[in-house]
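Report on one structure; see the data block that follows.
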Amino acid sequence: MAGRHLAGPDGTPAGSTDLTRSSAAALAEALAAGTVTSVEVTQAHLDRIDAVEPALHAFLHVAHDEALATARDVDARRAAGEDLHPLAGVPVAVKDVVVTRGMPTTAGSRILEGWVPPYDATLVERLRAAGLPILGKTNMDEFAMGSSTEHSAYGNTHNPWDLDRIPGGSGGGSAAAVGGFEAPLAIGTDTGGSIRQPAAVTGTVGVKPTYGGVSRYGLIALASSLDQAGPVTRTVLDSALLHEVIGGHDRRDSTSLPEPVGPLVESALQGRTGDLTGVRVGVVTELNGEGYQPGVRARFDEALELLRGAGAEIVEVSCPHFEYALAAYYLILPSEASSNLAKFDGMRFGLRVVPEDNPTAERVMAATRGQGFGDEVKRRIILGTYALSAGYYDAYYGSAQKVRTLVQRDFAAAFEKADVLVSPTAPTTAFRLGEKLDDPLAMYLNDVATIPANLAGVPGMSLPSGLSDDGLPAGFQVLAPARADARLYRVGAALEALLEARWGGPLLDRAPELPTTQAAVAAEGSAR
């Protein structure tokens with residue numbers, strides 16, 4: 001990647017502006033040019049975290065000392081003339097479902113409170129090897145079960161656009177950290193939309209790679225056939241840069257694809273030219289109907305016209321079995337979760353609750369799970385165990401897997417007519433905290449447009465399409481065939497460039513300022 005101009009088209013040197021508002025690509029160029037150091041960049045983000053975390057609560061753990069130690073090491077190696085990765089020295093935040101050696105990893109659950117893993121996930125190893133300082137671990141719905149980050153055992157994360165609203169879920173912490181300028185890059189995981197839906201409601205970019213394109217080794221599993229880690233950033237190019245770092249084959253993951261991730265950065269740079277001549281864009285009829293907020297639909301339609309103006313051919317495609325994807329997903333996911341979470345029993349690691357009377361192994365397990373798991377986790381474990389039980393397996397789990405096959409066939413047929421498929425990412429903008437907490441079915445409907453991609457294993461991206469009528473961000477989803485992740489970056493980068501030309505800059509530039517703690521503001525002033 002050496003020699004390529006990565007920073008934004010405005011050419012603003014990262015060192016001359018607020019470092020926390022620069023893109024990762026701009027920071028990478030400034031670091032390579034020597035106009036700023038990794039210590040300065042990392043410290044600026046740590047200061048921002050200290051200032052706004054009381055309002056945002058995007059992090060469960062902030063690794064001040066470790067992040068600065070990595071930054072100092074990168075600066076020393078760069079000064080010695082070493083050939084470093086382009087992103088070396090650019091800080092990153094990691095969702096707390098990804099295990100990190102030496103840092104607490106809780107998956108947002110009390111049952112893992114205080115657990116410090118003895119090893120790194122493969123993607124974390126790759127982040128460290130590339131020299132990205134890890135700022136800390138971000139908040140999430142417990143074991144990634146939720147669409148609002150309200151199911152975290154450690155409190156809600158707030159949307160940086162409106163602190164009274166949800167930041168999406170389960171990866172609301174990663175999206176809020178990026179959208180709130182606490183981190184230029186973050187890692188999320190996507191089981192049914194947990195990267196893309198938070199990106200949509202926070203005005204950020206989120207990518208779910210092809211299943212198997214990023215190693216799942218070291219991800220605390222929710223549903224093993226659905227989970228996929230991916231980037232959360234503020235620009236499409238930044239996602240491509242991070243995706244190339246964490247992607248690729250891993251022998252420790254039996255589902256890992258054997259081939260490299262592909263020319264993602266090159267595709268994003270090509271897309272930024274704004275030329276989509278010959279690209280067929282398919283609008284999915286079943287993901288664009290009733291139940292979508294008018295402002296979300298309006299921004300989607302406007303984005304489609306921009307794509308048409310860039311030379312893309314807009315075609316309508318039907319995926320009739322998408323109608324059943326939500327129901328199938330909410331049988332497959334709980335079934336796999338009930339199996340994966342069985343290891344949290346109070347016997348081997350994590351929380352252990354010992355009853356006073358007759359503390360047998362069975363009673364310790366029951367007490368530990370009773371106190372350690374939250375309501376949503378218990379709800380899905382019960383549902384999944386029932387769906388897998390004798391006499392019901394074929395009727396529920398087996399039938400759901402048949403629907404999954406039909407969804408995969410719908411995708412295959414659609415991609416014969418179009419190079420990419422598009423839809424709104426989520427039916428609505430961010431709803432208010434507590435608004436749907438007591439209505440699980442209403443909460444589940446937030447994933448209606450994102451779930452099909454997980455069932456089929458195809459890659460998907462969400463990028464901002466603008467502000468809805470309520471002044472909150474809406475998301476535009478792009479889907480591509482399996483192993484064709486590069487198409488996401490070409491189309492996404494082209495649309496991003498067209499939209500930013502219309503807006504006069506990135507959408508996040510229009511986000512309101514977050515309140516900061518007086519102590520943090522004073523500390524920053526004295527440091528300057």
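Side notes on the structure shown:
- Computed over the alpha-carbon pairs of the chain, the distance histogram in 10 Å steps reads 4, 20, 32, 27, 13, 4, 1, 0 percent, short to long.
- Full extension of the chain segment joining R432 with L406 gains 5.9 nm, where the gain is 0.36 nm per residue of separation less the Cα-Cα distance.
- The chain - share of DSSP beta bridges that are antiparallel (%, nearest 5): 65 percent
- Near the amide H of G136, within less than 5 Å, lie the amide hydrogens of A63, V94, all on another chain or at least 5 residues away, with H placed in the peptide plane.
- When you restrict to C-alpha pairs under 8 Å that are six or more residues apart and normalise by the size of the stretch 41-155, the relative contact order lands at 32 percent.
- Relative contact order (%) - the chain, alpha-carbon pairs under 8 angstrom, separation at least six: 17 percent
- Sites K378 and H249 - FRET efficiency at Förster radius 41 Å, r taken between beta-carbons, to 0.05: 0.65
- Percentage, to the nearest whole number, of Cα pairs in the stretch 136-239 over 21 Å apart: 24 percent
- Alpha carbon centroid spacing (whole Å) that separates the stretch 373-420 from the stretch 334-370: 26 Å
- R0 of 35 Å, Cβ-Cβ distance A129-D469: FRET efficiency to nearest 0.05: 0.15
- Here is the size of the stretch 144-199 from its Cα atoms: Rg then Dmax, 10.0, 26 Å.
- Pairwise FRET efficiency - F349 versus T35, Cβ, R0 = 56 Å, nearest 0.05: 0.80
- Neighbour cut-off at most 16 other Cβ (10 Å), DSSP loop, trypsin sites (Lys or Arg not before Pro), the stretch 173-282: R251, R252
- Loop sites in the stretch 311-354: trypsin sites (Lys or Arg not before Pro), DSSP, at most 13 other Cβ within 10 Å: R348
- Rounded to the nearest 20, the Cβ-based charge dipole of the chain about its Cα centre (Lys and Arg +1, Asp and Glu -1) stands at 880 debye.
- Taking other C-beta atoms within 10 Å as the exposure proxy, T204, T189 rank T189, T204 from fewest upward.
- Taken about its Cα centre, the stretch 61-147 carries a charge dipole of about 60 debye when Lys and Arg each add +1 at the Cβ and Asp and Glu each add -1 at the Cβ.
- For the stretch 228-385, the calculated P(r), taken from all Cα-Cα distances in 5 Å bins from zero up to the bin holding the longest distance, is 1, 7, 9, 10, 11, 14, 14, 10, 8, 6, 4, 3, 1, 1, 0 percent.
- Rel. contact order, % - alpha carbon contacts under 8 angstrom, at least six apart, the stretch 322-448: 31 percent
- Viscosity 0.890 mPa s, 25 °C: Kirkwood-radius Stokes-Einstein D of the stretch 397-528 over Cα pairs, µm²/s: 137 µm²/s
- Remark on the stretch 439-510: ratio of C-alpha radius of gyration to 2.2 N^0.38 Å is 1.28.
- Available extension along the chain between S399 and Y119 is 97.0 nm, counting 0.36 nm per residue and deducting the alpha carbon span.
Values in this text are rule-based calculations from the coordinates and carry no lab data. These numbers were taken from a predicted model, which means no experiment stands behind them. Glycine also receives a Cβ, built like all others from the backbone with ideal geometry; neighbour counts cover every protein chain displayed.
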